[in-house]
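Peer 1: Have a look at the structure that comes next, please.
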Amino acid sequence: MRLKRLLLAGIAFALLPASLAAQDAVSVTATPITRFKTGSDQKVFGPLEFLGGIDFRSSNGRVQSLSSIRFRPDGASFVSVLDTGEWLTGKIERDADGKLTGLTNLTVSPILLRDGRTGSKAASDAEGLALRRGEALVSFEQQHRVDAYTDPGFESASPLRSVDFLIPRSELRRNGGMETLVASPASSPLRGGLIAITEHSLDESGNLFAAIVDGPLKGQFKLVRHEPYDATDGAFLPNGDLLLLERSFSFLGGLGMRIRLIRGEDIRPGAAVDGEVLVEADMGYAIDNMEGIDVIQGADGKPHVILVSDDNGSILQRNVMLEFVLNQ
């Protein structure tokens, strides 16, 4: 992704070879995050209320570089893709008060290519993930594509097919391709259609290339980009609105993140869509390189937003998971 290219000048990190073929059961140690804003007990940030989070680490170096996360209907089990070319599956743990405390049942497996083997970093740079109708769909950067794997069974399977993602391949930047891949709700106007949004592939107006990959409203659209942010992931609310996670980086200001709300009715072929900023945070908050977002239904019946970071395999960065309730 684009951030890695920038970080190479100032942060050293090590990536494991994509040729690792074993499926490993792994464990992590987790430290609670009780404050979103450093030094403040503030809990409410616009429509989002911070519930807590964890900073997690593993002695197994394969637990790194989380790019996207999708939760199962139980709201606890999850599937994640790593941009090192791996799957990470597991389950979140909570305490008696419902606060995040850790991750369990973790397994890491290589993402197999069409020939049944693992590939190079360029071939296996997984960035986006969507779960839909018995398939796990993954978007890849560098060698741009969307591949569909059987679900369950993706951990040991080659892709079933490659998906036409509609965005002209010539417009995709090598490290700024399809970072967001998400399936819309079946009950929404998009009728379960798959959405792909690029991280930093811009048209002449500076807008991000995007597409409704399939469904009744299939077609290209654009997402209005606001400097200095790039899109890293998205998740639909039950009503069909899209939460877009964005990330910024500069050597002077460090990392930043924000979440934008894109109205579902605005996502149409040919449209240039924009949205309301729900929350914005810099290094004065408990963030890192925020790359993954998903929405689950909380025990309170409200949408809960869960964010995860990509540590780039660097000892200078963190894997964090943060949880908010969306008060609409």
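Peer 1: In a shell of Cβ-Cβ distance under 11 Å around residue 99, excluding residue 99 itself, what net charge do Lys and Arg (+1) and Asp and Glu (-1) give?
Peer 2: Its environment carries a net charge of -3.
Peer 1: Taking the Cα centre of each part, how many Å lie between segment 153-194 and segment 34-48?
Peer 2: 34 Å
Peer 1: Something else: Setting aside same-chain residues fewer than 8 positions from residue 302, which lysines have a Cα under 26 Å from its Cα?
Peer 2: Those lysines meeting the cut-off are 37, 43, 91, 99.
Peer 1: Once you have the alpha carbon radius of gyration of the chain, what is it after dividing by 2.2 N^0.38 Å, with N set to its residue count?
Peer 2: Relative to the 2.2 N^0.38 Å estimate, the chain comes out at 0.91.
Peer 1: Indicate the gyration tensor shape class of segment 99-202 (rounded, prolate or oblate), computed on the Cα atoms with a ≥ b ≥ c the square roots of the eigenvalues: a/c under 1.5 is rounded; otherwise a/b larger than b/c is prolate and the rest oblate.
Peer 2: Note, shape of segment 99-202 comes out rounded.
Peer 1: Tally Lys/Arg at +1 and Asp/Glu at -1 over every other residue whose Cβ is under 9 Å from the Cβ of residue 320; what's the total?
Peer 2: The answer is -2.
Peer 1: How many angstrom separate the Cα center of segment 85-119 from the Cα center of segment 225-242?
Peer 2: The two parts, judged by their Cα centres, are 23 Å apart.
Peer 1: Cβ under 11 Å from residue 269's Cβ, residue 269 left aside: what net charge do those residues give with Lys, Arg +1 and Asp, Glu -1?
Peer 2: +3
Peer 1: Let me ask something else. Which semi-axes, in whole Å and largest first, does the equivalent ellipsoid of segment 277-328 have when worked out from the alpha carbon gyration tensor as the square roots of 5 times its eigenvalues?
Peer 2: Values for segment 277-328, descending: 24, 13, 8 Å.
Peer 1: Further question on the same structure: For the chain, calculate the relative contact order in percent as a whole number, restricting contacts to Cα pairs under 8 Å that are 6 or more residues apart.
Peer 2: 18 percent
Peer 1: I would also like to ask the following. Rg and Dmax of segment 176-328 over Cα atoms: what are they, in angstrom?
Peer 2: Values for segment 176-328 (Cα only, Rg and Dmax): 15.2, 46 Å.
Read-outs throughout are calculated quantities, based only on the coordinates presented, and are distinct from any laboratory measurement. Just so we're clear, the structure is a prediction, and the values are computed from it rather than from any experiment. No Cβ is skipped: glycine too gets one built from the backbone with ideal geometry, and neighbour counts run over all protein chains shown.
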